[in-house]
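Structure record follows, encoded as structure tokens.
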Amino acid sequence: MDYIDKTDNFATKTETRKLVSIDKFTDYVYSSTPSDHVLDDGKKNIRIWKSDTLPNTVVWNPKNIWDRFGLAQDEDKEYVCVEPGKVTDKVNLVPGAGWRCSMVLSAARA
């Protein structure tokens, strides 16, 4: 699956890992992602479902730049954001037109 690495001058790269782990400053925009994602930190699972109108998934964290986000120094170790989106192409709407998207979040203990 291809992604844009915003931490590396917006380079396009290919993700080869089946499970993505975050251990450094990360800001990736994944292309054509599945509609269902699961975040698992060993304590809890968070499931994200997104509509087909949101083809991308953005994964980022504030590692090493924690102060920019109002976090205490050690809080960045447990912070990751996974956001469905429509990032790589535009939605152009004429006046009166509409566009719909949706996502559902659910959490459970691991």
(request) Kindly provide the set of residues from the range 35-52 that are charged (D, E, K, R), within 18 Å of Val87 (Cβ to Cβ) and outside any strand (DSSP E or B), ordered by number. (result) Asp52
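Hydrophobic (A, V, I, L, M, F, W, C), at pLDDT 95 or above and either closer than 27 Å to Asp2 by Cβ or loosely packed, with under 13 Cβ neighbours inside 10 Å (or both): which single residue out of Val82, Val59, Val94 fits that description?
Details: Val82 fails: at pLDDT 95 or above; Val59 fails: at pLDDT 95 or above.
On inspection, the qualifying residue turns out to be Val94.
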(request) Six or more apart or on different chains, Cβ under 8 Å: which pairs go from a residue in the range 44-56 that's over 18 Å from Ile4 (Cβ atoms) and touching a residue at least 60 places away in the same chain (Cβ under 8 Å) to one that's of a type in the set (A, V, I, L, M) and part of a loop (DSSP other than H, G, I, E, B)? Could you list them? (result) Lys44/Ala110; Asn45/Ala110
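Taking the stated definitions as given, is Thr16 of a type in the set (Ser, Thr, Tyr), within 23 Å of Tyr3 (Cα to Cα) and under 16 Å from the mean Cα position of the chain (by Cα)?
Numbers: of a type in the set (Ser, Thr, Tyr): yes; within 23 Å of Tyr3 (Cα to Cα): yes; under 16 Å from the mean Cα position of the chain (by Cα): no.
Taking the combined requirement at face value, the residue does not satisfy it.
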(message) What pairs come out if I take residues in the range 81-110 that are at negative phi and in contact (Cβ under 8 Å) with a residue 60 or more places away in the chain and pair them with residues that are among the hydroxyl-bearing types (Ser, Thr, Tyr) and surrounded by 14 or more Cβ atoms within 10 Å (Cβ to Cβ) whose C-beta lies under 7 Å away, six or more apart or interchain?
(response) Thr88/Ser31
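The values are calculated or read from the model by the stated rules, or taken from the named source; none is laboratory data. Just so you know, these numbers come straight off a predicted model, no measurement behind them. Counting neighbours? That spans all protein chains shown, and the Cβs are built from the backbone with ideal geometry, glycine included.
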